[in-house]
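Enquirer: Encoded as structure tokens, here's the structure I'll be asking about.
The values are calculated or read from the model by the stated rules, or taken from the named source; none is laboratory data. Being a predicted model, the structure only gives us computed values, none of them experimental. Glycine gets a Cβ as well: all are built from the backbone with ideal geometry, and neighbour counts include every protein chain shown.
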Amino acid sequence: MVLSYLLLKYPYKLAWNALNIIKERKQSVFYAEDYLDMVVFKSVQKYLAELPIVAKNKVVANSFQPAYNPMKIYPVYPKAIITCRHVCHKFPEKRIVKFGMRHGAYHFKRLTNANNYNAFTKYFMTSQHEVDIAKKIGINTAVAVGYPKLDPAFNGEISQQDLSILSNHLGFSNNKKSVLFTATWDKSGMSAIDAWIDKLDSLTEAFNVMVTVHPWTSTHYKKKLIESQNIHFLSTSDTLAYLMLADCVVGDTSSILAEACALDKPIITYETKETKRSLDEISDLIKSISYQIDPSQDILNYLNFAIENKDEFRDNRQKANIIMFDKLDGKAGERAAKIILEYLPELDKRCIDS
């Protein structure tokens, strides 16, 4: 049990109920612990009446500025919350309607305790296969909708013209292929960032190089990436267009690999050690969709080979996409919104507009 839950539970419940007596709680909010949460949610938000955004703290709120101003800072006492994090312990009143969704595609790490999911009214997962796995460990609130973060790649929101503009903005050479390197959190024990971080500068002569890493990545890695010559370190969490621009993706166990798979990109992965959160299912899936190498192998040769043979794992990627996403139709956000409206009909945009 989260210690903060014990500290918050009764003071929060007392405050919520007192406020509810004074004035019935009617407001629904979106709670964010990181800007990435909003990136995922925006494809759901478009189908709902606009929701106030509640930030974890002032630092998170400032990371949203000025696009989402004004914002509220936790604590708040709403009727309902929507969030991309396991934060029900921060909203311990059972009468609060709670919707959760993934901030990363599928479960590339072992699912946490079932209680974390069952605290939600509904928890949105990215496929029916994932829901079936969740049920086996006692999760009974899960429902499959897809992965809203990917919707703009499949519903036309991000066009080829947009990608061309982005490429020109980055100063990419049309004579070079583009590669995106990604890494999960280095302290998770499942990251391969050490395998490639010192090789990037040598690759820029042959490739346009982009890099994105987990938000919690240690400062010394980020500093090195920012200072690296001729690479494009992505400081934004909104990485979808950059993924679409890439001709190849290099990673480890990050869930961005699922996004690369959905976009049918050739993938290279580094072998990593098993940890308590590792899953054989995910290890096997990653192997099935990527060229897997160890740090001693020459990444340059593999990049050229993977791009030249981009169709080699296509059938496996398509099979994996069915497992992870059911279908990729650009409507995951709409499906999530429809379920939310069953519980919160007042968020129907048509009611607001009329």
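Enquirer: Checking LEU48 against (1) surrounded by fewer than 20 Cβ atoms within 10 Å (Cβ to Cβ); (2) under 29 Å from ALA332 (Cα atoms), which test does it fail?
Expert: Evaluating LEU48 over (1) surrounded by fewer than 20 Cβ atoms within 10 Å (Cβ to Cβ); (2) under 29 Å from ALA332 (Cα atoms) leaves (1) as the failure.
Enquirer: When only residues in the range 88-111 that are assigned to a strand (DSSP E or B) and touching a residue at least 60 places away in the same chain (Cβ under 8 Å) count, which is surrounded by the fewest Cβ atoms within 10 Å (Cβ to Cβ)? Walk me through how you get there before you give the answer.
Expert: So in the range 88-111, the residues assigned to a strand (DSSP E or B) come out as 97-101.
This time we only want the ones that are touching a residue at least 60 places away in the same chain (Cβ under 8 Å), so: 97, 99, 101.
Details: VAL97: 19, PHE99: 24, MET101: 25.
Going through the qualifying residues, I end up with VAL97.
Enquirer: Just to be sure, is ARG85 in a loop (DSSP other than H, G, I, E, B), touching a residue at least 40 places away in the same chain (Cβ under 8 Å) and within 14 Å of the chain's Cα centre (by Cα)? Steps first, please.
Expert: Numbers: in a loop (DSSP other than H, G, I, E, B): yes; touching a residue at least 40 places away in the same chain (Cβ under 8 Å): yes; within 14 Å of the chain's Cα centre (by Cα): yes.
It is true that ARG85 is in a loop (DSSP other than H, G, I, E, B), touching a residue at least 40 places away in the same chain (Cβ under 8 Å) and within 14 Å of the chain's Cα centre (by Cα).
Enquirer: Give the residues of the range 41-61 that are β-branched (Val, Ile, Thr), at pLDDT 95 or above and outside any strand (DSSP E or B), sorted by residue number. Walk me through how you get there before you give the answer.
Expert: Quick first cut of the range 41-61, residues β-branched (Val, Ile, Thr) only: 44, 53-54, 59-60.
Of the ones still in play, those that are also at pLDDT 95 or above are 44, 53-54.
If the condition is that a residue be β-branched (Val, Ile, Thr), at pLDDT 95 or above and outside any strand (DSSP E or B), then VAL44 is the only one that fits.
Enquirer: Have a look at THR184, THR236, THR217 and point out the one that is of a type outside the set (A, V, I, L, M), at pLDDT below 95 and either in contact with a Leu (Cβ under 6 Å, 6 or more places away or on another chain) or surrounded by 21 or more Cβ atoms within 10 Å (Cβ to Cβ) (or both).
Expert: Values: THR236 fails: either in contact with a Leu (Cβ under 6 Å, 6 or more places away or on another chain) or surrounded by 21 or more Cβ atoms within 10 Å (Cβ to Cβ) (or both); THR217 fails: either in contact with a Leu (Cβ under 6 Å, 6 or more places away or on another chain) or surrounded by 21 or more Cβ atoms within 10 Å (Cβ to Cβ) (or both).
From the options THR184, THR236, THR217, the qualifying one is THR184.
Enquirer: Consider PHE305 carefully, then state whether it is among the hydrophobic types (A, V, I, L, M, F, W, C), assigned by TED's automatic domain parsing to the domain that holds MET190, touching a residue at least 24 places away in the same chain (Cβ under 8 Å) and over 25 Å from TYR123 (Cβ atoms).
Expert: Values: among the hydrophobic types (A, V, I, L, M, F, W, C): yes; assigned by TED's automatic domain parsing to the domain that holds MET190: yes; touching a residue at least 24 places away in the same chain (Cβ under 8 Å): no; over 25 Å from TYR123 (Cβ atoms): yes.
No.
Enquirer: Looking only at the range 324-334, which residues are buried (at least 19 other Cβ atoms within 10 Å of the Cβ) and in a helix (DSSP H, G or I)?
Expert: Of everything in the range 324-334, those that are buried (at least 19 other Cβ atoms within 10 Å of the Cβ) and in a helix (DSSP H, G or I) turn out to be MET324, PHE325, ALA332, GLY333.
Enquirer: From the list ASN168, ASN175, which residue is part of a loop (DSSP other than H, G, I, E, B), surrounded by fewer than 17 Cβ atoms within 10 Å (Cβ to Cβ) and outside the structural domain of GLU342 (by TED's automatic domain parsing)?
Expert: Working: ASN168 fails: part of a loop (DSSP other than H, G, I, E, B).
Being part of a loop (DSSP other than H, G, I, E, B), surrounded by fewer than 17 Cβ atoms within 10 Å (Cβ to Cβ) and outside the structural domain of GLU342 (by TED's automatic domain parsing) holds for just one of ASN168, ASN175, which is ASN175.
Enquirer: Here is a check on your reading of the model: is THR217 closer than 24 Å to ILE286 by Cα and either in a strand (DSSP E or B) or outside the structural domain of ASN304 (by TED's automatic domain parsing) (or both)?
Expert: Working: closer than 24 Å to ILE286 by Cα: yes; either in a strand (DSSP E or B) or outside the structural domain of ASN304 (by TED's automatic domain parsing) (or both): no.
No: the conditions fail for THR217.
Enquirer: If you go through the range 185-196 one residue at a time, do you hit one that is of a type in the set (A, V, I, L, M) and in a helix (DSSP H, G or I)?
Expert: Let us first name the residues in the range 185-196 that are of a type in the set (A, V, I, L, M), namely 190, 192-193, 195.
Add one more test, that the residue is in a helix (DSSP H, G or I), and what stays is 193, 195.
So far as the range 185-196 goes, yes, one or more of its residues are of a type in the set (A, V, I, L, M) and in a helix (DSSP H, G or I).
Enquirer: Exactly one of (1) buried (at least 19 other Cβ atoms within 10 Å of the Cβ); (2) within 20 Å of the chain's Cα centre (by Cα); (3) aliphatic (A, V, I, L, M) is unmet by ALA80. Its number?
Expert: Unmet for ALA80, out of (1) buried (at least 19 other Cβ atoms within 10 Å of the Cβ); (2) within 20 Å of the chain's Cα centre (by Cα); (3) aliphatic (A, V, I, L, M): (2).
Enquirer: Just checking, which of SER43, SER28, SER63 is touching a Gly at 6+ places or on another chain (Cβ under 8 Å), among the small types (Gly, Ala, Ser) and either within 23 Å of PRO148 (Cβ to Cβ) or surrounded by fewer than 17 Cβ atoms within 10 Å (Cβ to Cβ) (or both)? Full working, then the answer.
Expert: Values: SER28 fails: touching a Gly at 6+ places or on another chain (Cβ under 8 Å); SER63 fails: touching a Gly at 6+ places or on another chain (Cβ under 8 Å).
When all the criteria are applied, what remains is SER43.
Enquirer: Further question: Could you please find all residues in the range 66-75 being buried (at least 17 other Cβ atoms within 10 Å of the Cβ) and either assigned to a helix (DSSP H, G or I) or at pLDDT 95 or above (or both)?
Expert: If the condition is that a residue be buried (at least 17 other Cβ atoms within 10 Å of the Cβ) and either assigned to a helix (DSSP H, G or I) or at pLDDT 95 or above (or both), then TYR74 is the only one that fits.
Enquirer: A follow-up question, please. Right, ASN116: without any contact (Cβ under 8 Å) to a residue 60 or more places away in the chain, outside any loop (DSSP other than H, G, I, E, B) and either in contact with a Cys (Cβ under 9 Å, 6 or more places away or on another chain) or in the same structural domain as PRO215 (by TED's automatic domain parsing) (or both) or not? Walk me through how you get there before you give the answer.
Expert: On the way: without any contact (Cβ under 8 Å) to a residue 60 or more places away in the chain: yes; outside any loop (DSSP other than H, G, I, E, B): yes; either in contact with a Cys (Cβ under 9 Å, 6 or more places away or on another chain) or in the same structural domain as PRO215 (by TED's automatic domain parsing) (or both): yes.
Spelling it out, ASN116 is indeed without any contact (Cβ under 8 Å) to a residue 60 or more places away in the chain, outside any loop (DSSP other than H, G, I, E, B) and either in contact with a Cys (Cβ under 9 Å, 6 or more places away or on another chain) or in the same structural domain as PRO215 (by TED's automatic domain parsing) (or both).
Enquirer: SER255 - would you say it is touching a Pro at 6+ places or on another chain (Cβ under 9 Å), touching a residue at least 40 places away in the same chain (Cβ under 8 Å) and of a type outside the set (Phe, Trp, Tyr)? Don't jump to the end; show me each part of the working.
Expert: Details: touching a Pro at 6+ places or on another chain (Cβ under 9 Å): no; touching a residue at least 40 places away in the same chain (Cβ under 8 Å): yes; of a type outside the set (Phe, Trp, Tyr): yes.
Judged against the criteria, SER255 is not a match.
Enquirer: In the range 32-41, what residues are free of Cβ contacts under 8 Å to residues at least 60 places away in the same chain and out of contact with any Lys or Arg (no Cβ under 6 Å at 6 or more places or on another chain)?
Expert: Passing the criteria: ALA32, MET38.
Enquirer: Need pairs with beta-carbon distance below 6 Å; first residue aromatic (Phe, Trp, Tyr) and within the range 335-354, second at pLDDT 80 or above; sequence gap 6+ or separate chains.
Expert: TYR343/VAL97
Enquirer: Looking only at the range 139-165, count how many residues are assigned to a helix (DSSP H, G or I) and within 17 Å of the chain's Cα centre (by Cα). Before the answer, list the steps.
Expert: Step one: list which residues in the range 139-165 are assigned to a helix (DSSP H, G or I), which gives 148-154, 160-165.
Pick out the ones that are also within 17 Å of the chain's Cα centre (by Cα) and you get 148-154.
Counting residues in the range 139-165 that are assigned to a helix (DSSP H, G or I) and within 17 Å of the chain's Cα centre (by Cα) gives 7.
Enquirer: Can you confirm whether GLU130 is acidic (Asp, Glu), modelled with pLDDT of 95 or more and more than 24 Å from LYS13 (Cβ to Cβ)?
Expert: Numbers: acidic (Asp, Glu): yes; modelled with pLDDT of 95 or more: yes; more than 24 Å from LYS13 (Cβ to Cβ): yes.
Against the criterion (acidic (Asp, Glu), modelled with pLDDT of 95 or more and more than 24 Å from LYS13 (Cβ to Cβ)), GLU130 qualifies.
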